[in-house]
Amino acid sequence: MKYNPNEIEAKWQKHWSENGTFQAENNSDRPKYYVLDMFPYPSGAGLHVGHPLGYIASDIYARFKRHKGFNVLHPQGYDSFGLPAEQYAIQTGQHPDKTTKENIARYRQQLDRIGFSFDWSREVRTSSPDYYKWTQWIFIQLFESWYDKDSDEARDIKTLIMEFEANGNSKVNAVCDDSIAAFSADDWKSYTKEAQERILLQYRMTFLAETEVNWCPGLKTVLANDEIVGGVSERGGHPVVRKKMTQWSMRISAYAERLLQGLDTIDWTESLKESQRNWIGKSVGALVSFKVKDSEIEQDNVDYILSGDETNAYKIEVFTTRPDTIFGVTFMTLAPEHDLVAKITTPAQKQAVEAYIEATAKRSERERMADVKTISGVFTGAYAEHPFTKEPVPVWIGDYVLAGYGTGAVMAVPCGDERDYAFANFYKGTEGMPEIKNIFDQDISENAFGAKEGFKLVDSDFLNGMTYKEASAKAIEALEEIEQGKGKINYRMRDAVFSRQRYWGEPFPVYYVNGLPQMIAKQHLPIRLPEVEKYLPTDDGQPPLGNANVWAWDTLQHAVVSNDLIDHKTIFPLELNTMPGWAGSSWYWLRYMDAHNEDEMVSKDAQNYWQNVDLYIGGSEHATGHLLYSRFWNKFLKDRGYVNQDEPFKKLINQGMILGMSALVYRISGTNKYVSKNLKNEYDTEGLHIDVSLVNSSDEIDTEKLREWQPQFNNAEFISENGKFYVGREVEKMSKRWYNVVNPDDICNEYGADTLRLYEMFLGPLEQAKPWNTGGISGVFGFLRKLWRLYFDENGLIVTSNPASAEALKTLHKTIKKVNDDIEGFSFNTSVSQFMIAVNELTAMKCHERSILEPLAILISPYAPHIAEELWEKLGHQMSISTAAFPIFNPEYLVESNKEYPVSFNGKMRFTLNLPLDLTKEQIQEIVMNDERTIKQLEGRTPNKVIIVPGKIINLVG
Ligand code: ANZ
């Protein structure tokens, strides 16, 4: 019987699907194990061999855990809202729902061919109304919540309203908008409903705010920071500018500290945790207030009055991580966008300041952060007052200060901060730039900045002689005393903008009454995406949903109705933005637990049983986007009692990228002549990518096929070497653009999915990036054929029930131990080598014993499940091999009973002798002396001495 992968694989894929073999149970006495993959975005290009790498690893682990007796949840679905489908729709007019469904069908076919043990009965699609109903519901929960800093959790907004009714807002310690005016209980009760709504909006976990956003004119949408790379949009590479817009935002900043602390409780790589820590960016320091000299505050600018201060002067508040350097303040710098700039600039400086502001508005925040070298700014003409010395401190504006960080203003200490130093030096000698104050007992040069442990303070009044830590604490104390400062922890992470000007995303369950947002009740969800004629924004700049004609909410019928009916009495306009790509992926792991529940996002029972994800495998590109947002929503849902675990993903592994092996032909510049690779240095050439499928395993191409491939080669001239034409190879990202994409379907057709799975693992350690090299694949295929031949010959099964030899048992148990340890340690590539060794050894032993070959099939089944099922069935089993227990390692079989002794004569090894280990020295000596080879070596002599170290050596001397 021959190994025929195509037949076997189709048979078992059908069997698994028809029998629901991998369906997880929500009620089980077995322990649970939840293995999750990052679900794919179903793009039009389909899968290439890089995509399934992580899925194969997680599938091996899931199958392994089933063998170990766990009830395994290993689901799959689609992250199916997103920009590419929308852009395709804009270009072709096809509804994104249609193309998305087609892409999903193709993905499903490709995934099925690889033999994954997914529980497809739980499939989710973020773009399906049954699913986004719950995304909308979560949004409503966020709207109905506020963050209480005292209990450090999100709470029902009703509790806040009760507090307002009882005590006003004076005792409320919330994460909320800045500068909310104080009000009493009586004030609150006297406010109109509308005024109350406006106040509440400043406290809600999701809120409408005029924010400065990254606006991408090319894509006509707002982008999140992590969607911008190098100042341009990640998709399409369009420029991004800053713009003020009213947007939905999420108060993720409320969770900054908990997101940071939670990292210590989960099993993720240090590098991943570090990127989250950096993103959250915790800074411990102080807020310090400086009064602006000779400034008279205007009546409507009460926000800027120092609390408890009667002087009526504007104040500049700064955030500093180095309060110890307060006596080193040489000047101050405000961000050009700072509200105070217009108020304090002197008439003489007005023109220069305005010109500068206009120039900087063109540069994006990203550019400004990255740009340490170009220092530029302008003096405002105003002076602040030093809180202790009362000396005047000139106030500048400069674009190295970011409006969105801290307070958007800094106290500039050139002796302690590199940028302040560069700035002071650049403007040295100009109006408003004093001499640099050095407050350290060391010389300051460009290389000596920062919190140097050894530095002591001088010229710093009550801080003299102290080091940085002591002085910081002392300075904060002193500032608190004069009510001009306090300790403050700052986080770099900003609240997350949640509105997108796109069509293909979740609609908000929101309508507007007098400009105030209202939520649609849960029982009327989902609010389905409306039909539109065009997927582009409207001509007057509204988002694409502005094109919809039926997009108004009838509060009596509880239905979406025609816009013509809007009367602002009972029928109101609906929100035109949609949710961002991360909305649907921030909770999908919960839905898999209870995918068909129509009444709840996930039932309590399902949550209690499945808890959270035990193992999550996916790409490292999601380190700060998806993985932070998911942790945020999970913590929020926990606060509100919908989930019971603090962290969604206990263990996380990033698979490395599989790179493509591009193929290049070399064209002589300015001609249509091409030269074989080794001749290219003789000419001035340029490399052109060609399709890797045209190249054979020796890097040779058939030039006739190349001519047919693309018209530019039709009439080309090829200069070959020795009648052969070779291409160059380069390792690059796998991409259609480089024609280096390998389709898993092709590998499955030629060798089968089991070979593909083994080979992807065999390429190298899971977490490393590695090039795809089709060359090695036939070796893996050969291995599977060899495995097959342990069980079958031409006539059929050759498995015997004879007892196994000690050697065969040793090979088996070595393999059990290795594979078990490898899978537990996620070292899948080394298991594949062990399988090859084992099969070679067993073949050499001619081992066909059932007691060896049955456990061997189980060992291999997580990696090559189809062949394993077939062997298992042919061995006479009725149940799927996935129900078989993982073989148990018995160390006794590894204990050596014999030793291959080296036998030496005067120190020279002449032959070896295999003897049982339990012989005495005397017994060994007797056997050695009687061995024919010894007699021959001694030629009749008697050795002076026979040295025997049992278990080690035999040496005859003399
Ligand atoms: C005085 C000082 C003296 C500072 C010194 C540093 C060294 P991190 O760690 O990133 O939080 N800063 C504050 N707000 C800023 C803004 N909006 N744009 C640019 N820079 C800003 O850094 C905090 C430090 O960065 C603050 O401490 C402030 O400069 C500056 F020897 O204040 B420091």
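Restricting region 544-574 to residues that are of a type outside the set (A, V, I, L, M) and surrounded by 21 or more Cβ atoms within 10 Å (Cβ to Cβ) leaves a set whose member that is modelled with the lowest pLDDT is 544. Taking region 417-429 as the range and being among the small types (Gly, Ala, Ser) and either near the ligand (Cβ under 9 Å from one of its atoms) or over 25 Å from residue 467 (Cβ atoms) (or both) as the test, the residues that pass are 422, 429. Taken across region 146-156, residues that are open to solvent by less than 10 Å² (accessible area, probe 1.4 Å) and assigned to a helix (DSSP H, G or I) do not occur at all. Please find, within region 211-242, the residue that is most open to solvent (accessible area, probe 1.4 Å) out of those that are of a type in the set (D, E, K, R) and not in a loop (DSSP other than H, G, I, E, B). Among those residues, the one meeting the criterion is 212. What about residue 19, is it open to solvent by 30 Å² or more (accessible area, probe 1.4 Å) and within 27 Å of residue 870 (Cα to Cα)? Spelling it out, residue 19 is indeed open to solvent by 30 Å² or more (accessible area, probe 1.4 Å) and within 27 Å of residue 870 (Cα to Cα).
Just one residue in the set 105, 10 is closer than 30 Å to residue 648 by Cβ, open to solvent by 30 Å² or more (accessible area, probe 1.4 Å) and at pLDDT 95 or above; that residue is 105.
Only one of these is small (Gly, Ala, Ser) and within 30 Å of residue 160 (Cβ to Cβ): 58, 80, 145. Name it. Exactly one residue qualifies, and that residue is 145. Filtering 195, 224, 209 for residues that are among the hydrophobic types (A, V, I, L, M, F, W, C) and under 30 Å from residue 614 (Cβ atoms) leaves a single hit, 224. Among all residue pairs at least 6 apart or on different chains, which show Cβ distances below 6 Å where the first residue, located in region 135-153, is free of Cβ contacts under 8 Å to residues at least 60 places away in the same chain and farther than 15 Å from residue 580 by Cα and the second is open to solvent by 20 Å² or more (accessible area, probe 1.4 Å) and among the basic types (Lys, Arg)? Once the first residue is free of Cβ contacts under 8 Å to residues at least 60 places away in the same chain and farther than 15 Å from residue 580 by Cα and sits in region 135-153, its partners that are open to solvent by 20 Å² or more (accessible area, probe 1.4 Å) and among the basic types (Lys, Arg) give 148/155.
Residue count for region 776-804 satisfying the condition of being in a helix (DSSP H, G or I) and modelled with pLDDT of 95 or more: 12. Scanning region 479-507 for residues that are away from the ligand (no atom under 16 Å from the Cβ) and among the aliphatic types (A, V, I, L, M), we see that the one that is nearest to residue 576 (Cα to Cα) is 497.
Among the numbered conditions (1) under 30 Å from residue 762 (Cβ atoms); (2) open to solvent by less than 20 Å² (accessible area, probe 1.4 Å), the only one that residue 625 does not meet is (1).
Elements of the type helices (runs of 4 or more DSSP H) sitting completely within region 1-98 and holding at least 2 residues that are touching a strand residue (DSSP E or B) at 6+ places or on another chain (Cβ under 6 Å): these cover 52-67. Right, residue 80: of a type in the set (Ser, Thr, Tyr) and open to solvent by 10 Å² or more (accessible area, probe 1.4 Å) or not? So residue 80 fails the test.
Can you name every residue in region 934-957 that is in a helix (DSSP H, G or I) and surrounded by fewer than 13 Cβ atoms within 10 Å (Cβ to Cβ)? Hits for region 934-957 are 935, 936.
Taking the conditions exactly as written (closer than 23 Å to residue 333 by Cα, at pLDDT 90 or above and within 15 Å of the ligand (Cβ to nearest atom)), does residue 472 satisfy them or not?
Spelling it out, residue 472 is indeed closer than 23 Å to residue 333 by Cα, at pLDDT 90 or above and within 15 Å of the ligand (Cβ to nearest atom).
For region 106-121, the set of residues classified as touching a Leu at 6+ places or on another chain (Cβ under 8 Å) and in a helix (DSSP H, G or I) consists of 107, 110, 111, listed by residue number.
Report yes if residue 74 is open to solvent by 10 Å² or more (accessible area, probe 1.4 Å) and at pLDDT 90 or above, otherwise no. It is false that residue 74 is open to solvent by 10 Å² or more (accessible area, probe 1.4 Å) and at pLDDT 90 or above.
Given the criteria in the same structural domain as residue 340 (by TED's automatic domain parsing), modelled with pLDDT of 90 or more and within 15 Å of the ligand (Cβ to nearest atom), does residue 460 qualify? Criteria met by residue 460.
Residues in region 313-344 that are under 14 Å from residue 385 (Cβ atoms) and within 8 Å of the ligand (Cβ to nearest atom) were compared, and the one that is surrounded by the fewest Cβ atoms within 10 Å (Cβ to Cβ) is 318. If the condition is being under 12 Å from residue 955 (Cα atoms), open to solvent by 40 Å² or more (accessible area, probe 1.4 Å) and without any contact (Cβ under 8 Å) to a residue 40 or more places away in the chain, then region 886-933 contributes 908, 909, 910, 912, 925, 929.
Number of residues in region 603-635 that are in a helix (DSSP H, G or I) and over 25 Å from residue 493 (Cα atoms) equals 7.
The residue list 68, 98 contains one member that is over 30 Å from residue 29 (Cα atoms) and open to solvent by 30 Å² or more (accessible area, probe 1.4 Å), which is 98.
Reported count of residues in region 493-541, each being assigned to a loop (DSSP other than H, G, I, E, B), among the aliphatic types (A, V, I, L, M) and farther than 30 Å from residue 286 by Cβ, is 7.
Would you check if there is a residue in region 430-437 being closer than 30 Å to residue 224 by Cα and more than 14 Å from the ligand (Cβ to nearest atom)? No: region 430-437 contains no residue that is closer than 30 Å to residue 224 by Cα and more than 14 Å from the ligand (Cβ to nearest atom).
Within the bounds of region 853-865, is there any residue that is hydroxyl-bearing (Ser, Thr, Tyr), at pLDDT 95 or above and not in a loop (DSSP other than H, G, I, E, B)? No, region 853-865 contains no residue that is hydroxyl-bearing (Ser, Thr, Tyr), at pLDDT 95 or above and not in a loop (DSSP other than H, G, I, E, B). No other residue among 639, 646, 594 is over 27 Å from residue 257 (Cβ atoms) and in the same structural domain as residue 36 (by TED's automatic domain parsing) apart from 594. Residue-level analysis places residue 562 outside the set of residues that are within 30 Å of residue 638 (Cα to Cα) and of a type in the set (Gly, Ala, Ser). Checked against (1) more than 10 Å from the ligand (Cβ to nearest atom); (2) at pLDDT 95 or above, residue 310 passes all but condition (2). Would you check if residue 403 is more than 12 Å from the ligand (Cβ to nearest atom) and either at pLDDT below 95 or open to solvent by 10 Å² or more (accessible area, probe 1.4 Å) (or both)? Judged against the criteria, residue 403 is not a match.
The values are calculated or read from the model by the stated rules, or taken from the named source; none is laboratory data. If you're wondering where the values come from, they're calculated on a predicted model, not measured in any experiment. Note that each Cβ is placed from the backbone with ideal geometry, even for glycine, and that neighbours are counted across all protein chains shown. For accessibility, only protein heavy atoms count, side chains too; no ligands or nucleic acids. Shrake-Rupley method; radii C 1.70, N 1.55, O 1.52, S 1.80 Å.
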